[in-house]
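Asker: The structure that follows is given in the form of structure tokens.
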Amino acid sequence: MFPPSLEREKRFDFCGCPSVKSREARGLVRTRDRLVAECLSMGARAHGGNPNKIHAGPLSPGCRLCAEGKWSCLFMGRFCRRGCFFCLQSQREKKAALREKPTGFRPRSAEEYREFVRRAGYRGVAFSGGEPLWFFDELIEYVTALRKGAGPRLAIWVYTSGDFMTERRLRELKSAGVDELRFNIAARNYSLTALSRAAKHFENVTVEIPAIPEDTTRLLALLPRLRSAGVKYLNLHQLTASAHNSDALARRGYRIHKNGEGYPAVGPVVESELAALRLLREGLASGPPLPIHYCSARYKELFQARAHRQRLAEYFTGETAALRRASKVTSAGYLRRRVPDDGRRTVPSKVCYLDFRSPADSGNEHGVFSRGRIVKEVPLKSAGERRLFEKFFLSAVADESVVGAILAENKKDSGVARFLRRFENLEYLPVSLDRYC
């Protein structure tokens, strides 16, 4: 499998959702690895050789773009009337509140978002929520603007439960330029009514749902009906705990794994991953009537996020000749700046870095390309921290192997550990960006 991530450890409060103990976790990881191996031996494929994302049959066009970091997802707002136990957020707010993932950019207009997509070089756009069809007028406005600007080369898809969907709205979505609809049928007790209606208008209809352990047998029996209803792809993803849904997950007896042992530190539900892999194995044994794809929380948190970082780092290093000469994108997608080869090796009193993860959290919700949104500064408070910074990031262009070697040499050094907690996962630039941005 893959070595533990060197990304900064994230801390979450999952309320009442219990976590798996380390000893049991090792056994569960072995079970997971065995299921993956069985699926691969039966004809499934690991995308890019990565067993955290496996599929039987082809991936949908949107999933391929997602894995390459070439898509943007615009969340229209939180409102949804389904009240699913597994939803990560509250669904009560009815007002549109647009926010882009992965940057956190909040566009003020469809034209501004279209320009963002163009400049970032994205080849696909997804619309999600909440329920995007609740915000139907805004959805049509944004889809129309994107299609007008990018033409047919941009893939556009919409996630929906099927609520608020009528024949008229399906025709409008198709006319505006939507290529694909993705249905969460688990939100409607696995009803196929809405997606059957959509299949009359759209060539690409996908079912994308969380793998719910107690529904595995039901879903397996439903596979032939999905195909006959016009579904082209089935996407399964891993249930994940949040502060909003953790109590509901705990009531069902689910457990999470917070750290290490092959799982990311984002509260993935262990039973959900095992259920998805068992469903894929059983589908392969009987000959799946449609392509089945499982995307784990680990893949989304580590590898999908890395692809997004690489895409955005390439965008910023391409902005000016100075940045292109001075920068390097690491294998994990982080942007490092080399010290200019002019004989000077002065360690700065503060670190400037690019925060591609959620610039909207800085308090300035608009203008994603402005320096104030992107550039953050962290002071180096002591001579010791400045020495560590020089060792990590000036003496070499630190990639994962360099950081790992230093960690191995200094694993008992609390000063190194404190330094890493402050600076790991940042996009390092050892001098101010003023001269470049």
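Asker: What shape does region 49-125 have by the C-alpha gyration tensor, where a ≥ b ≥ c are the square roots of the eigenvalues, rounded means a/c under 1.5, and otherwise prolate means a/b greater than b/c and oblate the rest? Intermediate values should be presented prior to the final figure.
Answerer: Values: a/c = 2.74, a/b = 1.17, b/c = 2.34.
Cα axes put region 49-125 in the oblate bin.
Asker: What do you get for GluC sites (Glu not before Pro) in region 193-232 restricted to DSSP loop and a cutoff of at most 15 other Cβ within 10 Å of the site's Cβ? Mind showing how you got there, number by number?
Answerer: Working: sites: E203, E208, E214; in loops: E203.
Counting only loop positions with at most 15 other Cβ atoms within 10 Å, the GluC sites (Glu not before Pro) in region 193-232 are E203.
Asker: Still on this structure, I have one more. Are there trypsin sites (Lys or Arg not before Pro) in region 108-190 that DSSP puts in a loop and that have at most 14 other Cβ atoms within 10 Å, and which ones?
Answerer: Values: sites: R108, R114, R118, R119, R123, R147, K148, R153, R168, R169, R171, K174, R182, R188; in loops: R108, R123.
Hits after loop and neighbour filter: R108.
Asker: Same structure, new question: Between region 56-99 and region 269-311, what's the alpha-carbon centroid distance in Å?
Answerer: For region 56-99 versus region 269-311, the Cα centre distance is 17 Å.
Asker: Continuing with this model, one more query. Expressed in nm to one decimal, what extension gain is obtained for the pair K101 and E203 from 0.36 nm per residue of sequence separation less their Cα-Cα distance? Don't skip to the answer; put the middle values down first.
Answerer: On the way: separation 102, 0.36 × 102 = 36.72 nm, distance 2.62 nm.
My answer for the length gained is 34.1 nm.
Asker: Right, another one. Between A37 and S191, 0.36 nm times their residue separation minus their Cα-Cα distance comes to what? Provide the component values of the computation, followed by the final result.
Answerer: Values: separation 154, 0.36 × 154 = 55.44 nm, distance 3.25 nm.
Separation in residues times 0.36 nm, less the Cα-Cα distance, equals 52.2 nm.
Asker: Contour minus end-to-end for S382 and A46, with contour as 0.36 nm per residue of separation and end-to-end as the Cα-Cα distance?
Answerer: Details: separation 336, 0.36 × 336 = 120.96 nm, distance 4.65 nm.
So the extension gain works out to 116.3 nm.
Asker: Follow-up question, since we're still on this one. Within the set of other residues whose C-beta is less than 13 Å from the C-beta of F79, count the net charge using Lys and Arg as +1 and Asp and Glu as -1. Please report the intermediate quantities before stating the final value.
Answerer: Working: positive: R78, R81, R82, R92, K94, K95; negative: E93, E131, E138, D163.
Spelling it out: positives minus negatives among the neighbours equals +2.
Asker: Please give me, ordered by residue number, the GluC sites (Glu not before Pro) of region 93-153 that lie in loop per DSSP and have at most 16 other Cβ atoms within 10 Å. Don't jump to the answer; show the numbers that get you there.
Answerer: On the way: sites: E93, E100, E111, E112, E115, E138, E141; in loops: E93.
Those that pass, being in a loop and sparsely packed, are E93.
Asker: With a point put 7 Å past each Cα toward its Cβ, work out how far K94 is from F164 in nm, to one decimal.
Answerer: It works out to 1.1 nm between the two label points.
Asker: Which entries of K21/K232; K94/K232; K101/K232; K95/K232; K70/K174 show an alpha-carbon separation above 28 angstrom in the structure shown?
Answerer: Values: K21/K232 39 Å; K94/K232 32 Å; K101/K232 26 Å; K95/K232 33 Å; K70/K174 22 Å.
Correct reply: K21/K232; K94/K232; K95/K232.
Read the figures in this text as sums done on the coordinates, not as results from a lab. In this text, all values refer to a predicted model and were calculated from it rather than measured experimentally. Note that we place each Cβ from the backbone using ideal geometry, even for glycine, and neighbour counts take in every protein chain shown.
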